[in-house]
Amino acid sequence: MINYQSVLQDTYQKICSEENTGEVASYIPELAKINPDQFGVCVKTVGGEEYGVGDWKAKFSIQSISKVLALSLTYNLLGDKIWDRVGVEPSGNAFNSLTQLETDNGIPRNPLINAGAMVICDMLISHTDDAKKELLEFINQICPDSKIEYSEKIAQSEKSVGYRNIALCNFIKSFGNIENDPQLVLDFYFHMCSLEMTCQELSNTFMFLVDDNFRSTKGEKVLDMQKAMRLNAIMQTCGFYDESGEFSFRVGLPGKSGVGGGILALHPDKYCVAAWSPKLNAKGNSSRGMKFLELFTSKTKSAIF
């Protein structure tokens, strides 16, 4: 049996002994204020055990990790119809590429790049009374021991510099793949990315993609097995911008990163692990988080391959 706490502690100390390389996401003013030396990890197992190390109970902006949660809610509501408007292929380009959108006639390559997440946001706005409220309710139903909230400060900070995202949303609208007012879609998108969680909350929230017996506070299954499998497949191939292949090669788990420095990874039927360290590598993923997870899956021999 794996002693997760021992593995966490040893791996954490190893990573902390090395240089903390990379840069924080300073292009978002609020994220530039974060202490770059914070570092935390939490593992939650299907047996209910929880292990943490470092700053695992400190709140941070989960950014693009939230795209998986919005996608899950939308997939539940609309089923396979969502794939008419967004693809499932790795992008091979930057997460905010306009060129690729033009080539693909306004159909984003996958729902985890910015353009794809905006289309998902648009679907939620069209099919709910209050998309922001319903996404929060959904998250709090699958992570009931915490109160997850948007950060208005971070949402407004992103909006103040979000010229590229504004361009993307309007460009998709020009192809007819955004139904609602782009301003409404962008407001929801920026709030979605502003969600704040701890590593502990993040690992608990994503257990619905790990444990087939997981139920929400309503006593309901969050996603059926086929939908959960497909979401895990999308995270495996598209979850780390254009470093997704490298993550699969070195870590061997489905997951999703965010420019706030968070990384969420999971082993179906075994565990969910969340790591956070704000300094990003050249591809926009947490430098320490990537190194930690590579060592963690090597030590536990728990990659899915």
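The values are calculated or read from the model by the stated rules, or taken from the named source; none is laboratory data. All values reported here derive from a predicted model rather than from experimental measurement. As a convention, Cβ positions derive from the backbone with ideal geometry for all residues, glycine included, and neighbour counts pool all protein chains shown.
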TODO: Within segment 195-221, count every residue that is touching a strand residue (DSSP E or B) at 6+ places or on another chain (Cβ under 6 Å) and in a loop (DSSP other than H, G, I, E, B).
DONE: 1
Task: Close pairs (7 angstrom Cβ cut-off, 6 or more residues apart or separate chains): touching a residue at least 40 places away in the same chain (Cβ under 8 Å) in segment 149-161, of a type in the set (S, T, Y) and surrounded by 19 or more Cβ atoms within 10 Å (Cβ to Cβ) anywhere - done: Y150/S194; S151/S61; S151/S194; I154/S61; I154/S194; E158/S194
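Matching residues to (1) loosely packed, with under 15 Cβ neighbours inside 10 Å; (2) out of contact with any strand residue (DSSP E or B) (no Cβ under 6 Å at 6 or more places or on another chain); (3) part of a loop (DSSP other than H, G, I, E, B); (4) aromatic (F, W, Y):
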residue	(1), (2), (3), (4)
M1	yes, yes, yes, no
S6	yes, yes, no, no
I15	no, yes, no, no
E19	yes, yes, yes, no
S26	yes, yes, yes, no
A32	yes, yes, no, no
N35	yes, yes, yes, no
C42	no, no, no, no
Task: Residues satisfying the stated conditions in segment 231-245, i.e. assigned to a helix (DSSP H, G or I), in contact with a helix residue (DSSP H, G or I) (Cβ under 9 Å, 6 or more places away or on another chain) and surrounded by 15 or more Cβ atoms within 10 Å (Cβ to Cβ) - done: L231, N232, I234, M235, Q236, T237, C238, Y241, E243, S244
Open item on the list: Would you confirm whether or not segment 94-111 contains a residue that is at pLDDT 95 or above and in a helix (DSSP H, G or I)?
Closed with: no
Open item on the list: Suppose we filter segment 263-281 for residues that are crowded, with 24+ Cβ neighbours inside 10 Å and either among the hydrophobic types (A, V, I, L, M, F, W, C) or assigned to a strand (DSSP E or B) (or both); how many remain?
Closed with: 11
TODO: Take L78 and decide whether it is modelled with pLDDT of 95 or more, within 19 Å of the chain's Cα centre (by Cα), more than 30 Å from Q5 (Cβ to Cβ) and of a type in the set (A, V, I, L, M, F, W, C).
DONE: no
- [ ] Quickly run through segment 112-169 and pick out the residues that are more than 25 Å from Y241 (Cβ to Cβ) and polar (S, T, N, Q).
- [x] S126, T128, N140, Q141, S146
Open item on the list: Out of the residues in segment 246-262 meeting the condition of being among the small types (G, A, S) and surrounded by fewer than 24 Cβ atoms within 10 Å (Cβ to Cβ), tell me which one is farthest from E30 (Cα to Cα).
Closed with: G252
- [ ] Tell me which of these K173 doesn't satisfy, since it passes every other one: (1) touching a residue at least 12 places away in the same chain (Cβ under 8 Å); (2) in a helix (DSSP H, G or I); (3) not hydroxyl-bearing (S, T, Y).
- [x] (1)
- [ ] State yes or no: is G284 touching a residue at least 24 places away in the same chain (Cβ under 8 Å), within 21 Å of E89 (Cβ to Cβ), assigned to a loop (DSSP other than H, G, I, E, B) and of a type outside the set (D, E)?
- [x] yes
